[in-house]
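Visitor: Dropping a structure here in structure tokens format, bear with me for questions.
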Amino acid sequence: MKNSSSIAFTSNIRFVDHPVFSMMKKSNYIDFSHLRPNILKAEEFYSAEIRTCTGGGLVNPLVEAEGFHFWDDLKNKKKFPQLINMLFNFVKEPKRGLLLGSKNLKSNQYSIEQFENFKKIFLERVKNVSIFQQHKFTNSETAFHYSVPTDTWTLCSSYRVDGDLQKKFVRMPEDLLTVFEKVSIADGDRLFMGKKEVLASDYPELFAGN
């Protein structure tokens, strides 16, 4: 474990398309089913098919992290205080976090409420949280992978414009606000599209505090 005084409290967030994400070596899958754990503390973890659900993680950069994927249903609505307690017991006093997901669909009445509840608590208890809130399209989803040794979130967001059969991926900074209702990259986090860094000076609308 590294000495906390030597740690730069920042995280990398990298968007890739499906071929790149699928070829990555990944371990420790997190599912949304109530039959399996929805929270995992590990050196690396990943999840997929986050649509109306809420996913993400809490991080002490280069030291420890946990990921989660919560189904937006009545059972998790009732368990919300318990879920929060579990999250903040697994990684105590996290320095950074990432939160993504939700959709505004009539068939998923708890989706927006669940995301807003997590967002409220995270912003109260974690200094810096990067947020990718509310998929805009009916056919859209996001997968994520996190690695403690590299302190990197790798995200893959796909979508189909309503009425279009062609699947598209977030590949450019402009795509983020096409796909998500709100994007806020936390102070200190670095955003990449593939290998190219996206600067706050070029896209201030994507970064917190701008």
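The values are calculated or read from the model by the stated rules, or taken from the named source; none is laboratory data. What you are looking at is a predicted structure, and each value in this text was computed from that prediction instead of being measured. Note that we place each Cβ from the backbone using ideal geometry, even for glycine, and neighbour counts take in every protein chain shown. The protein model used for the area step is the full one, side chains on, heavy atoms only, and it has no ligands, DNA or RNA in it. Shrake-Rupley method; radii C 1.70, N 1.55, O 1.52, S 1.80 Å.
Visitor: Normalised radius of gyration for the chain, please: alpha carbon Rg relative to 2.2 N^0.38 Å, two decimal places.
Guide: That works out to 0.95 for the chain.
Visitor: With +1 assigned to the C-beta of every Lys and Arg and -1 to the C-beta of every Asp and Glu, and no other charges, what is the dipole magnitude of the chain about the Cα centre in debye, to the nearest 20?
Guide: On the way: 29 positive and 25 negative charges, 79 e Å.
Approximately 380 debye in magnitude.
Visitor: For the chain, what % of the accessible area comes from carbon and sulfur atoms, probe 1.4 Å?
Guide: C and S fraction of accessible area: 51 percent.
Visitor: On to the next question. Go through 55-62, 132-139 and give me the packing order, highest mean Cβ count within 10 Å leading.
Guide: 55-62, 132-139
Visitor: Please sort by residue number the GluC sites (Glu not before Pro) in segment 1-92 whose DSSP state is loop and whose Cβ has at most 16 other Cβ atoms within 10 Å. Provide the component values of the computation, followed by the final result.
Guide: Details: sites: E43, E44, E49, E64, E66; in loops: E43.
Of the GluC sites (Glu not before Pro), the ones in loops of segment 1-92 whose Cβ has at most 16 other Cβ atoms within 10 Å are E43.
Visitor: With 12 Å as the cut-off, how large is the P(r) tail for segment 152-210, expressed as percent of Cα-Cα pairs?
Guide: 69
Visitor: With an 8 Å Cα cut-off and a minimum separation of 6 or more residues, compute the relative contact order for the chain in percent.
Guide: Values: 460 pairs, mean separation 52.7, N = 210.
The value is 25 percent.
Visitor: With the contact rule set at Cα under 8 Å and sequence spacing of 6 or more, what percent relative contact order holds for segment 143-194?
Guide: So the answer I get is 21 percent.
Visitor: Still on this structure, I have one more. List, in order, the whole-Hz ³J(HN,Hα) value for each residue of segment 81-86 obtained from phi through the Karplus relation with A = 6.51, B = -1.76, C = 1.60 and θ = phi - 60°; use x for Gly and Pro.
Guide: With the stated coefficients, segment 81-86 comes to x, 5, 4, 4, 4, 5 Hz.
Visitor: So which of K103/K136; K78/K136; K26/K119; K25/K196; K26/K127 end up more than 18 Å apart by C-alpha?
Guide: Details: K103/K136 7 Å; K78/K136 26 Å; K26/K119 27 Å; K25/K196 21 Å; K26/K127 28 Å.
The pairs that break the limit, which is 18 Å between Cα atoms, are K78/K136; K26/K119; K25/K196; K26/K127.
Visitor: Roughly how much of T178 is accessible, in Å² to the nearest 10, using a 1.4 Å probe?
Guide: For T178, the solvent-accessible surface is approximately 60 Å².
Visitor: With every protein chain kept in place and ligands, DNA and RNA left out, what is the accessible area per residue of the chain? Probe 1.4 Å, answer in Å².
Guide: Working: 10520 Å² over 210 residues.
Per residue, the chain has an accessible area of 50 Å².
Visitor: Assuming 0.36 nm per residue, please report the length gained on full extension of the stretch S33 to K120 beyond their Cα-Cα distance.
Guide: Computed gain between S33 and K120 is 28.9 nm.
Visitor: Using the Karplus curve 6.51 cos²θ - 1.76 cosθ + 1.60 with θ = phi - 60°, what ³J(HN,Hα) values do you get for each residue of segment 169-178, in whole Hz, with x for Gly and Pro?
Guide: With the stated coefficients, segment 169-178 comes to 10, 5, 10, 10, x, 4, 5, 4, 7, 6 Hz.
Visitor: Also, I was wondering about something else. Beyond 20 Å, what share of the Cα-Cα pairs of segment 1-101 remains, rounded to the nearest whole percent?
Guide: Tail of P(r) above 20 Å: 41 percent of Cα pairs.
Visitor: How large are Rg and Dmax for segment 33-79 when only the alpha carbon atoms are used, in Å?
Guide: 11.6, 35
Visitor: Ok, one more. Taking N as the number of residues in segment 65-170, what is its Cα Rg relative to 2.2 N^0.38 Å?
Guide: Rg over 2.2 N^0.38 Å, computed on Cα atoms: 1.15.
Visitor: What nm distance separates the two modelled labels at L74 and M86, each placed 7 Å from Cα along Cα→Cβ?
Guide: For the pair L74/M86, the computed spacing is 2.0 nm.
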